[in-house]
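Data first, discussion second: the structure below is written as structure tokens.
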Amino acid sequence: MQYNDSVPFEDRVDTVLNYFDLPSDDMPVFLTLYFEDPDDQGHIFGLDDVKISEAVARIDKLVGRLIDGLEKRGIFEDVNIIMVGDHGMVGTCNKKLIFLDDLAEWIDIPKDWVQWYSPVLAIRPPAGISPRDVVTKMNEGLKSDKVGNGNRLRVYLKEELPSRLHYSDSDRIPPIIGLVEEGFYVEQTKSKKQECGGVHGYDNSFFSMRTIFIAHGPRFARGRKVPSFENVQIYNLLTTILNLQGAPNNGTSWFPKTILLPSH
């Protein structure tokens, strides 16, 4: 089923439920649902706004709608359900900004060098400009105490990023990457606009970037709590449940055994 963000949430749930009314030979073995809430509200309003609570309540009702539909069909205990978020979120505001124009004393970073500002700063200088020289001059300015919040940003050559990030091998990754501290944000220049909202995409070691994992079904033990794990493990979890040979990935082959009950 193709994802379409113009389809109302309730209709998305009902579409999934309707597949269970098909003859068994036509019934899919794997179905997915995606909801933009409360991510949309977090980006726009921040994490403490009442609209976040309202969005969570809407999602809770939608999960209830899904469960009710499965129970009415008598299959709730027969299907494996995984509910997961793709990331956490942290609030950021004007006082937590870092401006690249403030580095002009050390180096000019034109906006057409910048492919992305925050929360991962990505810079691709033109041919003839040494990325290493750019990194050296940027970090010199950031450490000078003359750049507002400069100590909250560290710039790297991509091959010198911490190896745990697995973010260096692809040619699509720009040669210069900046990691900003939790809740801070990089922009090109100062403006008068007031900004408060929510952001994700920071270092995944931050607790605020964690999200939920809830599962139910014949392959999951009832009431069991599992230790935190990286979302890249979910792919192998799904292929194991579906009895499929998965493609090579960054998950581990042993992880599903720590989560799943034996298949019957």
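The values are calculated or read from the model by the stated rules, or taken from the named source; none is laboratory data. Just so it is clear, the structure is predicted and the values come from calculations on it, not from any experiment. All Cβ positions, even for glycine, are placed from backbone atoms using ideal geometry, and neighbour counts span all protein chains on display.
Annotation: of all residues in segment 99-134 being modelled with pLDDT under 95 and in contact with a Phe, Trp or Tyr (Cβ under 6 Å, 6 or more places away or on another chain), the one that is surrounded by the fewest Cβ atoms within 10 Å (Cβ to Cβ) is 118. For segment 125-135, the condition of being assigned by TED's automatic domain parsing to the domain that holds residue 177, part of a helix (DSSP H, G or I), more than 19 Å from residue 172 (Cα to Cα) and touching a residue at least 60 places away in the same chain (Cβ under 8 Å) holds for none of the residues.
Among the residues that make up segment 160-167, is at least one of them at positive phi and surrounded by fewer than 17 Cβ atoms within 10 Å (Cβ to Cβ)? So far as segment 160-167 goes, yes, one or more of its residues are at positive phi and surrounded by fewer than 17 Cβ atoms within 10 Å (Cβ to Cβ). The number of residues in segment 215-233 that are more than 15 Å from residue 261 (Cα to Cα) and in contact with a strand residue (DSSP E or B) (Cβ under 8 Å, 6 or more places away or on another chain) comes to 2. Of all the residues in segment 59-79, those that are over 19 Å from residue 218 (Cα atoms) and touching a residue at least 12 places away in the same chain (Cβ under 8 Å) number 3. Sub-7 Å Cβ pairs linking a first residue in segment 231-250 that is in a helix (DSSP H, G or I) to a second residue that is of a type in the set (Lys, Arg), at least 6 apart or interchain, are 241/219, ordered by first then second residue.
In segment 71-120, what residues are in a loop (DSSP other than H, G, I, E, B) and within 25 Å of the chain's Cα centre (by Cα)? Please lay out each step first, then the result.
Of the residues in segment 71-120, the ones in a loop (DSSP other than H, G, I, E, B) are 73-80, 85-89, 104-110, 117-119.
If the condition is that a residue be in a loop (DSSP other than H, G, I, E, B) and within 25 Å of the chain's Cα centre (by Cα), then 80, 85, 86, 87, 88, 89, 117, 118, 119 are the ones that fit.
If only residues of segment 42-58 that are in contact (Cβ under 8 Å) with a residue 40 or more places away in the chain and in a helix (DSSP H, G or I) are counted, the one that is surrounded by the fewest Cβ atoms within 10 Å (Cβ to Cβ) is 44.
Check segment 20-28 and report whether any residue there is surrounded by 12 or more Cβ atoms within 10 Å (Cβ to Cβ) and over 23 Å from the mean Cα position of the chain (by Cα). Please lay out each step first, then the result.
Start the filter on segment 20-28 by keeping residues that are surrounded by 12 or more Cβ atoms within 10 Å (Cβ to Cβ), which leaves 20.
Those still in the list that are over 23 Å from the mean Cα position of the chain (by Cα) too: 20.
Checked against the condition, which is being surrounded by 12 or more Cβ atoms within 10 Å (Cβ to Cβ) and over 23 Å from the mean Cα position of the chain (by Cα), segment 20-28 yields at least one hit.
Could you check segment 185-198 and list, in sequence order, the residues that are in a loop (DSSP other than H, G, I, E, B), more than 18 Å from residue 48 (Cβ to Cβ) and in contact with a helix residue (DSSP H, G or I) (Cβ under 9 Å, 6 or more places away or on another chain)?
Step one: list which residues in segment 185-198 are in a loop (DSSP other than H, G, I, E, B), which gives 188-195.
Adding the requirement that they be more than 18 Å from residue 48 (Cβ to Cβ) leaves 188-193.
Passing the criteria: 188, 189, 190, 193.
Looking only at segment 199-230, residues that are part of a strand (DSSP E or B) and not aromatic (Phe, Trp, Tyr) come to 4 in all.
Looking at 223, 201, which is the one that is under 16 Å from the mean Cα position of the chain (by Cα) and small (Gly, Ala, Ser)?
Exactly one residue qualifies, and that residue is 201.
One residue is enough: does segment 223-243 have a residue meeting the conditions of a type in the set (Gly, Ala, Ser) and in contact with a Leu (Cβ under 6 Å, 6 or more places away or on another chain)? Before you say what the answer is, go through the steps one by one.
At the first step, the residues of segment 223-243 found to be of a type in the set (Gly, Ala, Ser) are 223, 228.
Still in the running and in contact with a Leu (Cβ under 6 Å, 6 or more places away or on another chain): none.
No - not one qualifying residue is present in segment 223-243.
With respect to the conditions (1) of a type outside the set (Asp, Glu); (2) on the phi > 0 side of the Ramachandran plot; (3) without any contact (Cβ under 8 Å) to a residue 60 or more places away in the chain, residue 217 lacks only one, and its number is (3).
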